[in-house]
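Read through the structure below, which is laid out as structure tokens, and then see the notes.
No value in this document is a laboratory result; all are computed from the given coordinates. Fair warning: this is a prediction, and the values are worked out from it, not measured in the lab. Counting neighbours? That spans all protein chains shown, and the Cβs are built from the backbone with ideal geometry, glycine included.
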Amino acid sequence: MREAIGKHLEAIASEEWPAMAEKRMNLRSFPPHLEEATGAILSFAPVGANQQLVQNRALIAVEDAVEFRRNRVSVSRAEIAPVQWTVIVILSGMILVTIAAIHINARLAMAVAMFVFSTAVAMSLVLLMVYDHPFGLGGFTLPSTAYREAMPE
């Protein structure tokens, strides 16, 4: 079972991650290494209540892994439409113009307000860019390092 889990983690990092970046992952296929692990778990005949509990928890963990995969695939398909980006940028510009118009006679207040708002907009845009194509190539992406670190030795 450990070998199947290790193979699954390696497949996530080396096969699924690039496939999610290229938007060619589907939810129809069951991960073959998790199928192996499920088969190994179900082939074990528990003798006592403790072994039955461990078997049930192992099956729940495999089901959780499948659910996490579904979540990764659906997140990999998420994107912000160009119209939404345009609206965000135009609204930000309009708010900056409004701040400047309100504080036209108080230059220091205008500078501080515009700096604070511009910083907030910049931070929001960075977060949106990360969640726009989290597995995509280029720009801000999520690395698969956590899966590589979790692999059993």
Among 62, 97, rank each residue by its count of other Cβ atoms within 10 Å, from fewest to most, as a rough exposure measure.
-> 97, 62
With everything on Cα atoms, drop me the angle between helix 2-11 and the longest principal axis of the chain, reported from 0 to 90° to the nearest 10.
-> 30
Assuming R0 = 41 Å, can you tell me the calculated FRET efficiency for the pair residue 23 and residue 94, based on Cβ-Cβ distance, to the nearest 0.05?
-> 0.80
By count of other Cβ within 10 Å, fewest leading, how are 96, 34 ordered?
-> 96, 34
Once the Cα atoms of helix 82-102 and of the chain are each reduced to a long axis, what angle between those two axes, in degrees from 0 to 90 to the nearest 10, is obtained?
-> 40
Using the 10 angstrom Cβ neighbour count as an exposure proxy, how do 33, 8 rank, fewest first?
-> 33, 8
Per-residue [θ]222 nm for the chain (sum of -39500 (n - 2.57) over DSSP H runs n ≥ 4, rounded to 500) = -23000 deg cm²/dmol
Taking Cα atoms, the helix 32-43 axis meets the longest principal axis of the chain at an angle in degrees (rounded to 10) of 40
HN-Hα J couplings of region 66-78 from phi, Karplus 6.51/-1.76/1.60, θ = phi - 60°, integer Hz, Gly and Pro as x?
-> 5, 5, 4, 5, 4, 4, 4, 5, 5, 5, 5, 8, 6
Contour minus end-to-end for residue 64 and residue 127, with contour as 0.36 nm per residue of separation and end-to-end as the Cα-Cα distance?
-> 20.0 nm
